[in-house]
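The values are calculated or read from the model by the stated rules, or taken from the named source; none is laboratory data. Because the structure is a prediction, the values reported are computed rather than measured. FYI the Cβ positions are ideal-geometry reconstructions off the backbone, even for glycines, and counts take in every protein chain you see.
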Amino acid sequence: MSRAIDPLRIAVIAGTLGRAGAEKQLVYLVRSLRGLPVELRVFSLTRDEHYEAALEELGCPPEWFGQRGNPALRLTALVRLLRGWQPDVIHSAHFYTNLYAGLAGKALGALSVGASRGDPRMELAANGRWGPALARVTDGLLCNSHHSAASWAAMGLRAERLQVLPNVIDLQEFDAQAARPVEANLPGQVRAALVGRLIPVKRVDRFLRALAAARRQAPELAGVVIGDGLERAALEAEAASLGLTPDGVRFLGARPEVPALLRQCHILALTSEQEGFPNALMEGMAAGLPVVSTPAGDAERILQHGISGFLIGMDDEDALAARLVELARSAALREQMGRAGRLRVEQCYQLEGLGAAALSAYRRFAEMRGRARLAAALEVAGGGG
């Protein structure tokens, strides 16, 4: 016999709690759900990682179920932890933990909600033969971008099993971090920042070539690359061959104080080939920077072309260089577009309302699965009843 749904119980399943975008969004979700009439527990495959402390402060210390390397043994451990508590919803925070959320949901009769947090092509490639099953094993799939949802639909997933829950930002926290002093010794009078992992799909090489071309017309312009990855050595060598070092670009590596560093820059560039929801774009706009971006992922939805920045063609390095020059030469244009970008983030991507939006997505999936009692309870908890 199923228990009465009062209060609602939600289990969040994480693959890792390290310092990265998906994990920060998990903390935001827990923080927002804690303000609603639900019981919440977090379960993680890993432990002793960056965001554990934040979850403990929120009253949700992560519970570890990754003692064994075998997925079947991990699933058994998770089901054992969940069985006595009887969650109503099991929400996976990562694509690869959809397996555990989906199968645990089936074992316990709970609604299972999966995650797709990037370009589906990358998620499928990263998970090999498991990839297609990970997209289908849960009752519904929460995508952090419209691009991701549309891509899964094109691959055959039914539209009713897909829901978009965009990434958000805590602007109060961001502004507090941005106000902290930081020693960076950055080059140039006007600085264009690029934030992200230094991996092939980010196409940082495009940024370097466009920057070198732009500096021939606007020598006051310099680049700042915030992030690390397998391509760093090759990119530093390319920067040197383009004549960008030592004064034309600075590679800072991975840095925790990104908001403060962005406040020392004047433009944000995004040159990726593939994205889901590009957090770097949202953070640049939150810092009041105009942005120049390829149309990767949801960039076209986040950025308003000609208002908060410029969209350029995927391979159009000439356009990227021209827009960098245009912004470098006009402080007034930078300020105007920067204000518009900040307003866009304030209106569309703030943390407030995330928990209610998640409950609304769960309700939609419950209705789709014929779980009327659960759907009604979710509506009430989310403020809709």
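Counting only residues that are more than 19 Å from I10 (Cα to Cα) and either touching a strand residue (DSSP E or B) at 6+ places or on another chain (Cβ under 7 Å) or surrounded by 13 or more Cβ atoms within 10 Å (Cβ to Cβ) (or both), the range 52-73 holds 3 of them.
Listed by position, the strands (runs of 3 or more DSSP E) inside the range 1-117 whose residues that are touching a helix residue (DSSP H, G or I) at 6+ places or on another chain (Cβ under 7 Å), assigned by TED's automatic domain parsing to the domain that holds C143 and among the polar types (S, T, N, Q) number at least 1 are 89-92, 111-116. Scanning the range 185-206 for residues that are basic (K, R) and either surrounded by fewer than 16 Cβ atoms within 10 Å (Cβ to Cβ) or within 19 Å of the chain's Cα centre (by Cα) (or both) yields a total of 3.
Every residue, every condition in (1) closer than 28 Å to Y349 by Cβ; (2) surrounded by fewer than 24 Cβ atoms within 10 Å (Cβ to Cβ); (3) hydrophobic (A, V, I, L, M, F, W, C), yes or no:
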{"residue": "G84", "(1), (2), (3)": "no, yes, no"}
{"residue": "G105", "(1), (2), (3)": "no, no, no"}
{"residue": "L111", "(1), (2), (3)": "yes, no, yes"}
{"residue": "T138", "(1), (2), (3)": "yes, no, no"}
{"residue": "R158", "(1), (2), (3)": "yes, yes, no"}
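Residues of the range 267-282 that are surrounded by 23 or more Cβ atoms within 10 Å (Cβ to Cβ) and not polar (S, T, N, Q): I267, L268, A269, L270, E275, G276, F277, P278, A280, L281, M282.
Per the listing V182, V168, the residue uniquely among the β-branched types (V, I, T) and crowded, with 20+ Cβ neighbours inside 10 Å is V168. Which one is nearest to the chain's Cα centre (by Cα) among residues in the range 312-321 that are surrounded by 14 or more Cβ atoms within 10 Å (Cβ to Cβ) and not in a helix (DSSP H, G or I)? Selected residue: I312. Screening F365 on (1) in contact (Cβ under 8 Å) with a residue 24 or more places away in the chain; (2) among the hydrophobic types (A, V, I, L, M, F, W, C); (3) within 27 Å of A110 (Cβ to Cβ); (4) out of contact with any strand residue (DSSP E or B) (no Cβ under 7 Å at 6 or more places or on another chain) shows it passes everything except condition (4). Selection of the range 89-113 for residues being aromatic (F, W, Y) and in contact with a Gly (Cβ under 6 Å, 6 or more places away or on another chain) yields only Y96.
Inside the range 331-355, residues that are buried (at least 17 other Cβ atoms within 10 Å of the Cβ) and assigned to a helix (DSSP H, G or I) make up a count of 10.
Here V79, V42 are screened, and the one residue that is under 30 Å from E275 (Cα atoms) and of a type in the set (V, I, T) is V42.
Looking only at residues of the range 300-311 that are of a type in the set (A, V, I, L, M) and surrounded by fewer than 24 Cβ atoms within 10 Å (Cβ to Cβ), we find that the one that is farthest from the chain's Cα centre (by Cα) is I307.
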